[in-house]
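Working notes, beginning with the structure itself.
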Amino acid sequence: MIIVTGMHRSGTSLAAQVLQAIGVDFGDPATMYAADDWNANGYLERLDVVDLNSRIITGHERTTSRVTQVRSQLAYLRMPPVATIDEAADAVAREIEMSSALVGSLAVKDPRFCLTYGGWSRHAAVEGLVVALRHPAASVASLRKRNRLPTNIGHRFWRWHMEAILPHIDGGTLLIRQDRLTGPESESEIAHIRAWCAARGIDASGETTDIVDPNLVHHQPDDSAVPPESLNVWRRLVEAATGEA
């Protein structure tokens, strides 16, 4: 399986849509969240995987009922320690193994993988990791607009996710920067994605012409709007992606 992740409101859906258009198989759309006004091209998130990740993090499934949805959302915002999440993942190792077998060689996307990737890497057949990156100022502003999450909590939430996935990023990780994918460097960023896919035996010749729309990006990078703790994490991510701070 190929795992696609990144912070919420950070271009994970766009990254997945580009991967799918290029030639990466995400499986049957009937198993996934439906498209909506926030994401007209779809989320490409399997409901069963989202529910398993949600249980690992919060103890509650995310999609099966309104009651469990609310409980999972509240528990999610408490931001349990990653060590606790790792223990919870090990406790359901057999379920992770079964989910991995069901997914097979497909790609699967969920922002929660930032927090649960350690468990999946131990108990699943992970063939590749893709992480979508977006400047924290833009990501947090989008969270505030869509989810009404206060800015200070948004930054804590952003750091919680990105600090958790950072140790798992290595030379084989595909890092997709939303600002480059939707900006003047779009062509080179897509070429970078194609090369990563081709190196894994994926026919990456599909067209992406109708996928990337810069007009859908409403929040821009702004270092001055970011607390030092978030800016430090962002610089480490940029360094991992480009070798430049």
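Just so it is clear, none of the values below were taken in a lab; they were calculated from the coordinates. In this text the structure is predicted, and so the values were computed from the model without any measurement. Note: ideal-geometry Cβ built from the backbone for every residue, glycine included; neighbour counts use all protein chains shown.
Quick one: would you say Trp160 is within 29 Å of Leu74 (Cβ to Cβ), touching a Pro at 6+ places or on another chain (Cβ under 7 Å), part of a helix (DSSP H, G or I) and in contact (Cβ under 8 Å) with a residue 60 or more places away in the chain? When the stated conditions are applied, Trp160 does not pass them.
Looking across region 53-103, just one residue is more than 20 Å from Ile165 (Cα to Cα), assigned to a loop (DSSP other than H, G, I, E, B) and out of contact with any helix residue (DSSP H, G or I) (no Cβ under 7 Å at 6 or more places or on another chain), and that is Ser65. Kindly indicate whether Arg112 is touching a strand residue (DSSP E or B) at 6+ places or on another chain (Cβ under 9 Å), closer than 26 Å to Met79 by Cβ and touching a residue at least 12 places away in the same chain (Cβ under 8 Å). So Arg112 passes the test. The number of residues in region 166-184 being loosely packed, with under 14 Cβ neighbours inside 10 Å and in a helix (DSSP H, G or I) comes to 1. Taken together, Ala91, Ala75, Ala21, Ala83 contain a single residue that is without any contact (Cβ under 8 Å) to a residue 24 or more places away in the chain and farther than 23 Å from Arg159 by Cβ, which is Ala91.
Counting just the residues of region 104-133 that are assigned to a helix (DSSP H, G or I) and buried (at least 21 other Cβ atoms within 10 Å of the Cβ), which one comes out farthest from the chain's Cα centre (by Cα)?
Here the answer is Gly119.
Just for region 1-43: of the residues that are assigned to a helix (DSSP H, G or I) and over 14 Å from the mean Cα position of the chain (by Cα), which one is farthest from Leu129 (Cα to Cα)?
Within region 1-43, the subset assigned to a helix (DSSP H, G or I) is 12-22, 29-31.
Right, trim to over 14 Å from the mean Cα position of the chain (by Cα) and you get 20-22, 29-31.
Values: Gln20: 15, Ala21: 18, Ile22: 16, Pro29: 21, Ala30: 24, Thr31: 21 Å.
Only one residue fits best here, namely Ala30.
Taken over region 47-73, the criterion of being among the basic types (Lys, Arg) and crowded, with 23+ Cβ neighbours inside 10 Å is satisfied by Arg62 alone. Check Glu239, Glu207, Glu163, Glu187 and return the single one that is acidic (Asp, Glu) and surrounded by 14 or more Cβ atoms within 10 Å (Cβ to Cβ). Criteria check complete, one pass: Glu163. I'd like to check something: does region 147-154 contain any residue that is surrounded by fewer than 19 Cβ atoms within 10 Å (Cβ to Cβ) and in a loop (DSSP other than H, G, I, E, B)? Within region 147-154, one or more residues are surrounded by fewer than 19 Cβ atoms within 10 Å (Cβ to Cβ) and in a loop (DSSP other than H, G, I, E, B).
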